[in-house]
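Written below as structure tokens is the structure these notes are about.
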Amino acid sequence: MAMILTNATLATMTGGYGLITDGALVMDRGGILWAGPAADLPRADLPVHDLGGRLVTPALIDCHTHLVFAGDRAQEFEMRLNGASYAEVARAGGGIVSTVRATRAAQEDDLFTLSLPRLDAMLAEGTGTVEIKSGYGLDVETELRLLRVARRLGRVRDVAVRTTFLGAHAVPPEFAGRADDYLTEAALPALRTAHAEGLVDAVDAFCEGIAFSPAQVARVFDEARALGLPVKLHAEQLSNLGGAALAARHGALSADHLEYLDEDGVRAMAAAGTVAVILPGAFYTLRETQVPPIGLLRRYGVPMAVATDCNPGSSPMTSLTLAMNMACTLFRMTPQEALLGTTAHAARALGLSDRGRIAAGQRADLAVWDAAHPAELSYRIGATRLHSRITGGRIDA
Ligand code: DI6
Ligand code: FE
């Protein structure tokens, strides 16, 4: 149904905030037909929905989450507060592998039931597109189960789910010390099967001393290329292995985390058009002190996205507006950069050109806020000011 939205401040996210006060918008068939100042609204005999002067942004896009998993890691949180490092916890058989144990033991319905409230929490804060990674199964059957649950979540809620295969997230215990065998015998076959079932939109890996080497990541990327799938990478989170440059060489959509990124990596990302996905929730939770090189990314014109990294170990967080607040306060990103990071630049990190801005031709995925200015979304600490969501042109109360 076509409809006109009036009496709104539009943050179109074209050329910065792209603010239009006293704006109006025409939606039809799930898309935006027209957006601009109300005074220029084309004459049309359509139903009108008055937004009461509220702020309208593109629906937020959470472009990096590990939303589907079982169990929690509150005890490791306590271990770390008692002095253990993240890497020490991982070597002691905890970390990602402990979530893998809980996830393998969970049936598909259980995983779905456990994950749905996390998704609902995201939607309640204005998220309209969410990326969900596998990576807590680490065997063929469980990796496929995670991706099926992710797709199912997208069918039961008004949200677009994009799936990312992250089989190269950790080496499971049965392959301890044999990372290459794990890739050959489990991760790459899982990727091929998942792709054949239409379960994969992109491929990711964790390039780190406690995970996979650059040469091993390259094997995963080569397989992705053979299947025609775009790649992204967890890079330079705990140390600098040159992951971002490796990702850029493979034309990656994004390199994510990046606390230990250096200027060579930034330059490589700029040349390749690879988005920097900034994940302040993990920085905060791990009590990291090395800040990602925001100033260098800015100077080289690398687009920055911001995401929750929602996961049970390093970022037990579903609030994207809290991630924006942290990106500003911890990393000195500006509120405008933070909002670009959860709209236009997040879309780009997922390879999507049909969302993330308010403009003719974009999907009518919008968030309506009880706010006057978009800086408020980053300014308040975990205090949601969402009024309503519009998804594919449908208005949710
Ligand atoms: N880096 C992270 O921060 C998450 N995965 C990754 O590669 C942590 C995942 C976990 O600890 O469960
Ligand atoms: Fe992650």
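Where a number appears in this text, it was derived from the coordinates with a stated rule and is not lab data. Given the structure is predicted, the values throughout are model-derived calculations rather than measurements. As a convention, Cβ positions derive from the backbone with ideal geometry for all residues, glycine included, and neighbour counts pool all protein chains shown.
Annotation: extensible slack from residue 396 through residue 113 equals 99.7 nm (criterion: 0.36 nm per residue apart, minus Cα-Cα distance).
Among 52, 265, 31, the largest mean-square fluctuation in a Gaussian network model of the chain (Cα springs under 10 Å) belongs to 52. Expressed as a fraction of 2.2 N^0.38 Å, the value expected for a compact globular protein of N residues, the C-alpha radius of gyration of the stretch 35-84 is 2.41.
Computed over the stretch 32-134, the P(r) curve from all C-alpha pair distances, binned at 5 Å from the origin, holds 2, 9, 14, 14, 13, 12, 9, 6, 5, 6, 5, 4, 2, 0 percent per bin. Judged by the ratio a/c of the largest to the smallest principal axis of the C-alpha gyration tensor, the stretch 309-351 counts as oblate, that ratio being 1.5 or greater while a/b is no larger than b/c.
For residue 89, what charge total do you get from the other residues with a beta carbon under 10 Å from its beta carbon, if Lys and Arg give +1 and Asp and Glu give -1? That sum, taken over residues with Cβ under 10 Å, equals +1. Residue 177 sits among other residues whose Cβ lies under 15 Å from its own Cβ, and their net charge, with Lys and Arg +1 and Asp and Glu -1, is -2. Here the stretch 59-127 is assigned +1 on the Cβ of each Lys and Arg and -1 on the Cβ of each Asp and Glu. Its dipole about the Cα centre then comes out at about 320 debye.
Estimated translational diffusion coefficient (Stokes-Einstein, Kirkwood radius over Cα pairs, 25 °C, 0.890 mPa s) of the stretch 172-244: 193 µm² per second.
Taking all Cα pairs closer than 8 Å and separated by 6 or more residues, the relative contact order of the chain comes to 20 percent.
Note on the chain: with charges restricted to the Cβ of Lys and Arg (+1) and Asp and Glu (-1), its dipole about the Cα centre is near 500 debye.
Once the convex hull of all Cα atoms in the chain is built, its volume per residue stands at 125 Å³. Between residue 215 and residue 14, full extension at 0.36 nm per residue minus the direct alpha carbon distance yields a gain of 68.5 nm. Charged side chains reduced to their Cβ positions (Lys and Arg at +1, Asp and Glu at -1) give the stretch 209-337 a dipole of some 160 debye around its Cα centre. Cα gyration tensor of the stretch 318-391, axes a ≥ b ≥ c as square roots of the eigenvalues: rounded (a/c below 1.5), prolate (a/b > b/c) or oblate? Oblate is the answer for the stretch 318-391, as a/c is 1.5 or above yet b/c matches or exceeds a/b. Projection of the Cα convex hull of the stretch 268-386, averaged over all directions and equal to a quarter of that hull's surface, yields 8.0 nm².
Across all Cα pairs in the stretch 152-192, the calculated P(r) in 10 Å bins from zero up to the longest distance comes to 27, 35, 22, 15, 1 percent per bin. Just so you know, the averaged projected area of the alpha carbon convex hull for the stretch 1-74 sits at 8.0 nm². Mind checking which of 66, 387, 257 has the largest fluctuation in a GNM of the chain, springs on alpha carbons under 10 Å? Of 66, 387, 257, the Gaussian network model singles out 387 as fluctuating most. Projecting label points 7 angstrom from Cα along Cα→Cβ for residue 39 and residue 381 puts them 4.2 nm apart.
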